[in-house]
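Some notes on the structure that comes next.
The values are calculated or read from the model by the stated rules, or taken from the named source; none is laboratory data. Nothing here was measured: the structure is a model prediction, and the numbers come from that model. Neighbour counts are summed over all protein chains in view; Cβ atoms, including those assigned to glycine, are modelled from backbone coordinates with ideal geometry.
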Amino acid sequence: MVTPSFFVFRVLVVLFFIILSPVSGVEVVDATGKNLFSPTSKKDQNHDSSVGVLNCSFLPNKKYHLGSLIDLALNNNPMTRGAWSAAKAASASVGEARSLYYPWVSSDFRGGYDKTFTPIALGPNAISRNQATVFLSLEYILLDFGRRDADVQRTIATFHALGLTYQRKLQEVIFTVEKTYFAYEAALWKQKAAEANLLFTQTLNDMVVRERVTGLAADPDELITRKRVLEAQYEVEAAVAVVRNTLGEICIAVGIPANSRLQFVETQKPPSTKKLLGDVTLLIEKAIALRPDLAARVAELQASKEATKRAMSDFFPTIKLEGQYANTTFGYQGNQQNPSVSGYYNGFGAPYGSAFVTAHWDLFDGYDRVFRLKRRQEEDKVAEENLRQTQLNTTRDVWTAYNNILAAANRVEYAEGFVASSREYFSSISAAQENGLANVTDYSQAGSNLSLAQFELASAVSDYSIALAALALAVGSTTPSSHVVHEDLGAPGKVSGHLLSKEAAGFQPDLAY
């Protein structure tokens with residue numbers, strides 16, 4: 001039997017939990033004041049729904065240049081999306097750590113029917129009972145000696161590290177696109193050179209065949225030219241295979257299937273390159289100041305130190321406020337031998353509660369906390385050495401890229417001289433052959449040398465372009481300019497301000513390493 005007072009009590013309980021619901025409770029907001037725990041925005045829904053499918057930003061009929069390829073890669077490449085999701089997961093961890101600053105409120109309900117009896121001399125006293133009880137429990141940490149603060153600061157530092165890692169992933173994707181694009185350009189130039197060489201050898205072979213008919217050429221000359229034609233055909237097929245493979249590499253780099261119909265704007269071979277002017281020491285200093293992965297190691301070291309503080313706080317007690325409120329509505333019927341005391345009884349609600357301040361202190365735990373603290377201290381040293389190793393790797397990357405550029409620039413200069421001398425030699429042999437002063441073998445060899453020189457120039461220019469991109473990656477100066485990244489994924493340079501609370505957005509790691 002449900003009484004009116006019990007019905008009112010249940011209504012109050014429901015209203016109480018509506019007030020404490022997460023919709024209006026804990027908030028983690030971004031720099032604009034948006035609650036990150038609110039329902040997913042349309043932008044995020046579009047971003048999430050594209051996982052595992054070809055993104056609609058790729059247009060098969062559009063002709064792409066290097067800039068639009070980078071924009072497409074930053075939007076589609078799984079590395080950028082994965083790094084972004086990892087950063088969002090870390091932002092949720094910050095909110096999870098901050099939840100301990102709020103009280104914990106829980107509710108329990110117990111209701112049902114039971115029947116029992118008590119044997120006495122006059123016969124059993126039978127009792128049947130209906131009961132419904134609602135419990136409300138509250139627990140609030142008053143003092144934990146830095147546990148919560150260390151957890152929050154650790155998650156913020158971890159988030160900052162992942163945000164910097166996200167920036168580095170963008171730079172790596174840009175470099176991969178540039179590298180594959182320059183390799184594809186070189187493959188196209190080599191294919192054109194191979195096709196021109198094939199045309200030359202076929203023309204030469206036709207000329208020798210006509211001369212052999214008139215007696216001006218011998219059979220060995222025709223065999224030589226025929227061999228040159230077969231070699232040129234082989235080189236053309238090999239060049240075509242390289243073009244197709246590098247095209248597939250570009251497709252993978254931009255985040256679309258390798259067999260996609262990716263088209264490009266026609267490009268010309270770049271002009272002569274100039275040697276890099278600059279001091280490698282200044283470039284290394286710039287890299288140490290700009291590299292996101294190096295700053296990420298600093299943030300990871302900060303997170304490790306906060307975890308050590310958390311381990312130290314476990315040696316202190318935790319003081320909480322605990323309370324409980326319950327209301328029981330019940331009714332029972334007793335059947336006894338004495339009819340005057342038998343009958344049905346109602347309880348119209350029996351409220352009761354409690355409130356305590358509790359203190360929990362682990363006095364001895366088998367040295368678990370001691371060894372946990374020692375482990376954390378050693379892990380701090382590991383994080384410090386990882387930071388130092390990343391610093392050394394940064395100097396190596398810049399030094400290697402710098403010297404590769406110098407060597408690549410010299411190779412371009414030598415290749416251009418090789419092409420010029422081969423073209424001049426081919427012209428002189430052509431004139432000599434017309435006057436009967438050179439044989440077919442010399443003429444064919446001069447043409448092959450010119451084709452080889454063009455091959456070398458294409459490779460040298462591609463290597464130089466890739467070396468420039470590698471130096472930008474090593475220094476960390478590659479800045480994504482894609483509007484897609486800024487609109488859909490957030491500004492890379494301000495990633496920490498997009499996902500954290502206002503307090504956490506102001507966190508800056510100590511860069512004095």
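Would you confirm whether any residue within the stretch 213-235 is among the small types (Gly, Ala, Ser), within 30 Å of PRO60 (Cα to Cα) and out of contact with any Leu (no Cβ under 8 Å at 6 or more places or on another chain)?
Checking the stretch 213-235: not a single residue is among the small types (Gly, Ala, Ser), within 30 Å of PRO60 (Cα to Cα) and out of contact with any Leu (no Cβ under 8 Å at 6 or more places or on another chain).
List pairs: first in the stretch 230-257 and touching a residue at least 12 places away in the same chain (Cβ under 8 Å) and in the same structural domain as ALA193 (by TED's automatic domain parsing), second among the polar types (S, T, N, Q) and not in a helix (DSSP H, G or I), Cβ under 6 Å, 6+ apart or cross-chain?
GLY255/ASN77
One line per residue, one yes/no per condition, for (1) in contact with a strand residue (DSSP E or B) (Cβ under 9 Å, 6 or more places away or on another chain); (2) in contact (Cβ under 8 Å) with a residue 12 or more places away in the chain:
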{"position": "VAL357", "(1), (2)": "yes, yes"}
{"position": "ASP380", "(1), (2)": "no, yes"}
{"position": "ARG388", "(1), (2)": "no, no"}
{"position": "PHE418", "(1), (2)": "no, yes"}
{"position": "SER430", "(1), (2)": "no, yes"}
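Filtering the stretch 260-285 down to residues that are of a type in the set (S, T, N, Q) and either loosely packed, with under 10 Cβ neighbours inside 10 Å or in a loop (DSSP other than H, G, I, E, B) (or both), which residue is modelled with the highest pLDDT?
SER260
Scan the stretch 232-256 residue by residue and report those that are exposed (fewer than 15 other Cβ atoms within 10 Å of the Cβ) and either modelled with pLDDT under 90 or of a type in the set (Ser, Thr, Tyr) (or both).
Hit for the stretch 232-256 is TYR234, nothing else.
Which of (1) under 16 Å from ALA296 (Cα atoms); (2) more than 41 Å from the chain's Cα centre (by Cα) is the odd one out, the single condition PHE364 does not satisfy?
Failed condition: (1).
Residues SER99, SER106: which one is modelled with pLDDT of 90 or more and not in a helix (DSSP H, G or I)?
SER106
Which is modelled with pLDDT under 90, among the basic types (Lys, Arg) and either in the same structural domain as LEU452 (by TED's automatic domain parsing) or in a helix (DSSP H, G or I) (or both), of LYS179, LYS190?
LYS190
Any residue in the stretch 297-307 that is under 30 Å from PRO103 (Cα atoms) and modelled with pLDDT under 90?
no
Go through the stretch 414-449 and count every residue that is loosely packed, with under 13 Cβ neighbours inside 10 Å and in a loop (DSSP other than H, G, I, E, B).
Count: 3.
Taking the residues in the stretch 54-87 that are under 20 Å from LYS179 (Cβ atoms) and among the aliphatic types (A, V, I, L, M) as candidates, determine which candidate is farthest from the chain's Cα centre (by Cα).
So the residue we want is LEU66.
Which residues, counting only those in the stretch 367-413, are of a type in the set (Phe, Trp, Tyr) and surrounded by 14 or more Cβ atoms within 10 Å (Cβ to Cβ)?
TRP399, TYR402
From LEU162, LEU204, which residue is over 19 Å from ALA73 (Cβ atoms) and over 36 Å from the mean Cα position of the chain (by Cα)?
LEU204
State whether the residues of the stretch 378-401 include one that is touching a helix residue (DSSP H, G or I) at 6+ places or on another chain (Cβ under 9 Å), at pLDDT below 90 and aromatic (Phe, Trp, Tyr).
Checked against the condition, which is being touching a helix residue (DSSP H, G or I) at 6+ places or on another chain (Cβ under 9 Å), at pLDDT below 90 and aromatic (Phe, Trp, Tyr), the stretch 378-401 yields no hits at all.
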